[in-house]
Amino acid sequence: MEIPFIVNARKDTGLFNSKVGIWLFLASEVTLFGGLFSGYLFLRLYADYPWPERALPVLPGLINTFILIGSSVTVVFAWAALKMREWRKFQIYMWITLICAVLFLGLKAVEYNAKFHHQGVRLSSEGSVQDFAYLEGHVHYAKLDENGKMVEVSKEDKKANPEGVFSANKIIFKASELTFALKRPAHEAYVKEILAQAGDEHKITLIGDYRVPNAEELLAGGKNRAQLESSEAALVVADGAKLSIDDLDDMEEAFLDARAHDKSIRTEFLRASWSWIRDEKGIEEISNLVITTDLWKERMAEDSEKIKPLMLSAPGTVTYKIEPALTLVWDPDDIPKLAKTEIKLRDDTVVKGELQPSPMLLGVDAIDFRHTAMRAEEEGIDPLEAIKQSWVLTHKNSKGENDLKKAWECHQAWLANLTKKLDEMSDKKGLEGEDRFVPTENDKYRVNWDQMVAYQKLDFDVEAVAAASADGSLQRSGLFDLSGFAGANHNNYKFPHVEIPRENVGFTSTFTPKWNTYYAIYFTITGLHGLHVIGGALVLGYYLFFGRKMYDSNPEWLANRVEVGGLFWHFVDLVWIFLFPILYLM
Amino acid sequence: MADSVEEIKKAKKLYLVIFGALLVGTVLTVAVATIPALDVGGHGFDGKDAVLGLIIASVKATLVMLIFMHLNHEKPLIYFFYGLGIVMAFFCMWLIGWSKSDPIQYGNSEKADGFYNPEKPASNVHGHD
């Protein structure tokens, strides 16, 4: 069957059919990305935290812009080559387009990878001011020593002997007792983890029998509760049983069956009570008014007494003891509730024991007080006074030093010089009031990674920084500095190392959507755009690798196909033309 | 649309000119954002920088649409489709402005959790809020 209007235009539209199709599709794409850009606008305008302005390294974005623009030209040249029946040239241009697509995705992967390994921490301090300072950097490595204490491991040692090494953002908890909530039957992953960490040296055993009265024995009557519970049929798992997923499954099943039994008993009684009161008062009067009367309340109290002996009342929790106490290493995300003697896991399992020192070991490449300053200003406090109380400036390391405080003092020297220069510029231009040049919030409250490097090069010497700032010799990473291509590079630079006590770690995440709404929308839009690049490359690649047969039989059809694929490719370029300035430069 | 060999040869020259213009536009965007001497408005990023950046991006996008996507000589139906998409995109942005009148989200500026409280120390000492 011949497909109509694949080469020649329809009379009514003046277009070949696939062109109508691609433009309809592109119109829907404009709306889709329009919606996402609107989402970006919404998140930025209403952000309740300082928006990460110009937060991305520009160079990878700039190169990717060149790559996409270049590929837009080559794809249109490929189409032109087909129109002129130059197969060889078509192949060359299409190959270049595909190479551009691969390069674009490769660079994006480099950028994503840098973000997946970059850690952010929002601090939390005890005291009158809640801190809200952010530290950014890379988490270092640690392991447990023979006493179960956390000790740092260097990168080299980790490479040589990776066993037991973890990234030093963990909760270390010496556990002596585990209590599982049977109403949440989702313990498998945790139990496996606990058993793996316990090995053969630690015994984890059930405290007391887990018994649930047998429903048939109960309903048959003739036995009191003590007899029912001590009956052989009631035993589910015996005292002293080793922790196992199978046992937990059995107990969970027994508990859930018992709970279903209890519910059905309650429902039966309730149904009977409703029938009774309907007969007593008539259907018209059964309303909220009726059930609040003493008559109903008395009936409910009577029912309650009658129900009790018919219920199985299975215990909702089971407790295991751990001998000797086991030092467990937990991911902070697994522990929604943390206290010194008790932690609660996400499946409601309660672990009793003793919280061990669990500092976060971080190589700090940036300090950000913008949120502290914002919250302080909202409450009418001097931002600098609030900042002074931050853990960043008040802590001391084991040598009694604080590199971050030194960096902050250097930054103040740099800022003083910037302010002076901006004042001079404003005076020179005769600017007054709000028109005068002033440092940005970033300038005032954020020590960026390249500033950290520059200050460190001068040994955090405040006077040297002040002098270098004044004569313009302070070396900050420029746009084309490859050593910081995708941001702070911890292989090229050594950054201040801090141990953040667990109680000061307020919120922590790598630079992924969890960290803030900026990264959420960044990954959403660039991820979707990346998928478009992949999709476009697949279609164009199909024309390149499987188009020869069509070229020989109907070259104009192939040219039309390439034009349609090319239109999609230009659209992908079009989206990036807006994405680049919005995400990288604003 | 360029269909004859002559027209296509002519169009290819135009594509190269547009390629150059797009590169210049990109360099210009980065230059005004990163070189202090070229910064418009106040020091650092502000509204004027945003407007300038978006204007340059819009000019670049227009060039791509008109020349690479051949919208400079396209049929009315295509203008209708594309125009509809753009109208819908702006409609989405208009919705954002509309959301500001939401009294539940933006009507009450009181903060549930105060930042500064001299009486009470911070409770969130173990994180995971």
**Complete:** Sparse-neighbourhood loop hits (trypsin sites (Lys or Arg not before Pro), the stretch A:94-157; DSSP loop; Cβ within 10 Å at most 15 others) -> A:Lys149
**Item:** Average projection area in nm² (convex hull over Cα atoms of the stretch A:502-543, one quarter of hull surface)
**Value:** 3.5 nm²
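Using DSSP to call loops (not H, G, I, E or B), can you name the trypsin sites (Lys or Arg not before Pro) in the stretch B:2-90 whose Cβ has at most 14 other Cβ atoms within 10 angstrom? It would help to have the intermediate numbers written out before the result.
On the way: sites: B:Lys9, B:Lys10, B:Lys12, B:Lys13, B:Lys48, B:Lys60; in loops: none.
Sites meeting the loop and neighbour criteria: none at all.
What whole-number value in Å² describes the accessible area per residue of chain A for a 1.4 Å probe?
On the way: 27830 Å² over 586 residues.
Value for chain A: 47 Å² per residue.
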**Item:** Shielding score for A:424-435, defined as the mean number of other chain Cβ atoms within 10 Å
**Value:** 1
**Request:** Express the relative contact order of chain A as a whole percentage, based on alpha carbon pairs under 8 Å and six or more residues apart in sequence.
**Result:** 25 percent
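Expressed as a rounded percentage, what relative contact order does the stretch A:361-510 have, with Cα pairs under 8 Å and six or more residues apart?
Relative CO of the stretch A:361-510 lands at 35 percent.
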**Prompt:** Mind checking the mean number of beta-carbon atoms from other chains within 10 Å of the Cβ atoms in A:562-575?
**Reply:** 3
**Accessible surface buried upon A-B contact (total; probe 1.4 Å; Å², nearest 100)** = 6600 Å²
**Request:** Enumerate the lysines that B:Lys10 could reach by cross-link, defined here as Cα to Cα under 27 Å, with residues fewer than 8 away along the same chain left out.
**Result:** A:Lys19, A:Lys83, A:Lys89, B:Lys60, B:Lys75
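If Lys and Arg each add +1 and Asp and Glu each add -1, what is the summed charge of the other residues whose beta carbon sits under 13 Å from the beta carbon of A:Tyr190?
Working: positive: A:Arg184, A:Lys192, A:Lys344, A:Arg346; negative: A:Glu188, A:Glu193, A:Asp331, A:Asp333, A:Asp334, A:Asp347, A:Asp348.
Neighbourhood net charge equals -3.
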**Message:** Can you give me the % of accessible surface on the protein assembly as shown that is carbon or sulfur? Probe 1.4 Å, all protein chains present, nothing else counted.
**Reply:** 57 percent
**Complete:** In terms of the charge dipole of the stretch A:361-510, which places +1 on Lys and Arg and -1 on Asp and Glu at the beta carbon, the residue among A:Ala454, A:Leu479, A:Asn397 farthest towards the positive end is A:Asn397
**Prompt:** Dimensions of the stretch A:478-584 along principal axes (Cα, Å, largest first)?
**Reply:** 72, 28, 24
**Request:** Evaluate Rg over Rh across chain A, taking Cα atoms for both radii and Kirkwood's formula for Rh.
**Result:** 1.11
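Determine the per residue accessible area of the stretch B:5-106 with all protein chains present and a 1.4 angstrom probe, expressed in square angstrom. Numbers along the way, then the final one.
Details: 5790 Å² over 102 residues.
Per-residue accessible area for the stretch B:5-106 comes out at 57 Å².
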**Message:** Nothing charged except the Cβ atoms of Lys and Arg (+1) and of Asp and Glu (-1): what's the magnitude of the dipole of the stretch A:427-531 about its Cα centre? Round to the nearest 20 debye.
**Reply:** 420 debye
**Item:** GluC sites (Glu not before Pro) within the stretch A:197-296, DSSP loop, no more than 15 other Cβ atoms inside 10 Å
**Value:** A:Glu201
**Complete:** Accessible-area loss of at least 20 Å² in the complex relative to the chain alone (1.4 Å probe) applies, within the stretch A:1-40, to A:Thr13, A:Gly14, A:Leu15, A:Lys19, A:Val20, A:Trp23, A:Leu24, A:Ala27, A:Val30, A:Thr31, A:Gly34, A:Ser38
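For the protein assembly as shown, what does the helix formula give at 222 nm: sum of -39500 (n - 2.57) over DSSP H segments with n ≥ 4, over the residue count, nearest 500 deg cm²/dmol?
Value at 222 nm, helices only: -17500 deg cm²/dmol.
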**Message:** From the protein chains alone at 1.4 Å, what is the descending order of accessible area for A:Lys549, A:Lys340, largest first?
**Reply:** A:Lys549, A:Lys340
**Complete:** If each part is reduced to its alpha-carbon centroid, the stretch B:26-56 and the stretch A:52-109 end up apart, in Å, by 26 Å
**Request:** List the residues of the stretch B:56-73 whose accessible area drops by at least 30 Å² when all protein chains are present, compared with their chain alone, using a 1.4 Å probe and counting only protein heavy atoms.
**Result:** B:Ala57, B:Lys60, B:Ala61, B:Val64, B:Phe68, B:Met69, B:His70
**Fill in**
Length-normalised contact order of the stretch B:5-106, Cα under 8 Å, at least 6 apart, in percent, tallies to 20 percent
**Fill in**
Rg (one decimal) and Dmax (whole number) from the Cα set of the stretch A:171-357, in Å, equal 21.7, 69
**Asked** So, with +1 on the Cβ of K and R and -1 on the Cβ of D and E, and no other charges, what is the size of the charge dipole of the stretch A:336-467 about its Cα centre, to the nearest 20 debye?
**Response** 520 debye
**Asked** Which whole-percent values make up P(r) of the stretch B:5-106 when all C-alpha to C-alpha distances are grouped in 5 Å steps starting at zero?
**Response** 2, 10, 13, 14, 14, 15, 13, 9, 5, 2, 1, 1, 0
**Complete:** Cα-Cα longer than 29 Å, checked against A:Lys149/A:Lys192; A:Lys149/A:Lys242; A:Lys155/A:Lys337; A:Lys155/A:Lys242, kept in input order, equals A:Lys155/A:Lys337; A:Lys155/A:Lys242
**Message:** As I understand it, the value is the acute angle between the Cα axis of helix A:294-307 and the longest principal axis of the Cα atoms of chain A; what does it come to in degrees, rounded to 10?
**Reply:** 80 degrees
**Request:** Pairs to check: A:Lys406/A:Lys444; A:Lys428/A:Lys457; A:Lys223/A:Lys297; A:Lys321/A:Lys344; A:Lys174/A:Lys340; A:Lys388/A:Lys514. Give those whose C-alpha atoms are more than 21 Å from each other in this structure.
**Result:** A:Lys428/A:Lys457; A:Lys223/A:Lys297; A:Lys388/A:Lys514
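The values are calculated or read from the model by the stated rules, or taken from the named source; none is laboratory data. Every value quoted in this text rests on a predicted model; they were computed, and no experiment measured them. Here the Cβ is made from the backbone with ideal geometry for all residues, glycine too, and neighbour counts use every protein chain on show. For accessibility, only protein heavy atoms count, side chains too; no ligands or nucleic acids. Shrake-Rupley method; radii C 1.70, N 1.55, O 1.52, S 1.80 Å.
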